[in-house]
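The values are calculated or read from the model by the stated rules, or taken from the named source; none is laboratory data. Since the model is a prediction, treat every value here as computed from it, not as a measurement. Cβ atoms come from the backbone with ideal geometry, glycine included; neighbour counts cover every protein chain shown. Calculation scope for accessible area: heavy atoms of the full protein, side chains included, ligands and nucleic acids excluded. Shrake-Rupley method; radii C 1.70, N 1.55, O 1.52, S 1.80 Å.
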Amino acid sequence: MRAFAYERPTTLADAVALLAEHGPDARILAGGTDLIIRLRDGTYAPSVVVDVKRVRELAPAITQTDGALRVSAGTVMTDIHDSPLMQRWFPALVDAARFVGSVQIRNRATLAGNICNASPAADTVPSLLVYDARVHAIGPAGERTIPLDDFFVRSGVTTLQPGELVTAIDLPLPSGRVGSAFQRRTRRRGHDLASVTLAVALDDAGTTRLAYGSLGPRPLLFVSEGGAPPLDDWFAAARPSPTSMRASPDYRLAMLRVLTQRAMAAARERLEAAA
Ligand SMILES: Cc1cc2nc3c(=O)[nH]c(=O)nc-3n(C[C@H](O)[C@H](O)[C@H](O)COP(=O)(O)OP(=O)(O)OC[C@H]3O[C@@H](n4cnc5c(N)ncnc54)[C@H](O)[C@@H]3O)c2cc1C
């Protein structure tokens, strides 16, 4: 591991100033569950690591604001799956957060870090996509809000600009009834990323939202308004890696179909139960 300077700001203004000063030479540290691995294996060799865990504006919090639940950047997976607000409105995200790693990992791993790491296999992302999540970021050019579907470019790459920091993620509260579910396939739970991960949300106006991950360079979201969703077309967009050590493309594509059926059935049940 290359030596780096370590900074631990306590205000957002100081964190933004540090990131602006060091630009692409700085890396943000939240829970560190992805970052430490990448520092160790040399994927990242920053000159400065900016630890944001003590930034008070980013402290763990799930709050209801203006028709949305706001999840601050310091919020970890345990906070997500233990939150009664999350359990009430966003059960597919609760289910996904429960699947991440182990208790120790879930106590450290932030939701913001899960999206910023931009792994196509990140467990929480399909649920966040079907819930139409919005990402709040701040940087040298000020604040902006990014629809999550516009956030991912490819594995490890997002549309965040140099010096930008995610401050919170908003989940709009649904106006009507919604049933949603999460499914995932992995070789060994807690030790391996998913071979397929997906979420479905159905509403009583007939809209189907499906998102899947681990099937290409970035997670994909599909939306159909009314009628039977064109699932075969959506499946045809999957581009599983032919060289992955986790699963063959044929296996992933077969599991995508099976897990979609299961998620649709579970989401339908939840939609009916919400009546
Ligand atoms: C043993 C183990 C098992 C795991 N199992 C799973 C699993 O089952 N499912 C799964 O999805 N993941 C899993 N992970 C991956 C990991 O726990 C998650 O991706 C985690 O949510 C990352 O959050 P973090 O707070 O640890 O981020 P960090 O590691 O601190 O950061 C991750 C990346 O995001 C950037 N970043 C962090 N916060 C911000 C911010 N606020 N603004 C801008 N950039 C930021 C960092 O610079 C870094 O590039 C596992 C990891 C380990 C070590």
Self-check item: Cα centroid separation, segment 75-112 to segment 178-235 (Å)
Solution: 18
Exercise. Only residues of segment 53-82 count here: report those whose backbone N is under 19 Å from the spot 7 Å along Cα→Cβ of ALA20, or say none.
Key: 55-58
Practice problem: With r as the distance between the Cβ atoms of SER175 and ALA238 and R0 = 30 Å, compute the FRET efficiency 1/(1 + (r/R0)^6) and round to 0.05. | Solution: 0.45
Quiz prompt | Reciprocal mean inverse distance between Cα atoms of the chain - Kirkwood radius, Å | solution = 19.1
Quiz item: Dipole size in debye (nearest 20) for segment 178-273 around its Cα centre, Lys and Arg Cβ +1, Asp and Glu Cβ -1?
Solution: 640
Quiz prompt | Net charge dipole size for segment 65-122 [Lys, Arg +1 and Asp, Glu -1 on Cβ; Debye, nearest 20] | solution = 100
Quiz item: What is the diffusion coefficient of segment 57-190 in µm²/s, taking the Kirkwood radius over Cα pairs and the Stokes-Einstein relation at 37 °C with a viscosity of 0.692 mPa s?
Solution: 219
Quiz item: Helix 12-22 sits at what angle to the longest principal axis of the chain, using alpha carbons and giving 0 to 90 degrees rounded to 10?
Solution: 70
Quiz prompt | Estimated distance in nm for a label pair at ALA273 and ASP41, the labels positioned 7 Å out from Cα along Cα-to-Cβ | solution = 3.8
Self-check item: Estimated [θ] at 222 nm from DSSP helical runs (n ≥ 4, -39500 (n - 2.57)) normalised by residues in the chain, nearest 500
Solution: -9000 deg cm²/dmol
Exercise. Could you do me a favour and compute the accessible area per residue for segment 1-50, 1.4 Å probe, result in Å²?
Key: 55
Quiz item: Taking the Cα atoms of segment 178-273, what is the range of coordinates along each of the three principal axes, in descending order and whole Å?
Solution: 41, 27, 19
Quiz prompt | Only Lys, Arg (+1) and Asp, Glu (-1) charged, at Cβ; segment 1-128 dipole about Cα centre in debye | solution = 260
Quiz item: Across 5 Å bins from 0, what is the distribution of all Cα-Cα pair distances for segment 9-125, in whole percents?
Solution: 2, 11, 19, 23, 19, 14, 8, 3, 0
Quiz item: Cα axis of helix 249-273 to longest principal axis of the chain: angle in degrees, 0 to 90, nearest 10?
Solution: 80
Self-check item: Viscosity 1.002 mPa s, 20 °C: Kirkwood-radius Stokes-Einstein D of segment 79-147 over Cα pairs, µm²/s
Solution: 165
Practice problem: Can you figure out the FRET efficiency of ALA59 with ARG2, using R₀ = 30 Å and their beta-carbon distance, to the nearest 0.05? | Solution: 0.50
Self-check item: Mean Cα-pair separation over length for the chain, i.e. relative contact order, pairs under 8 Å, 6 or more apart, %
Solution: 16
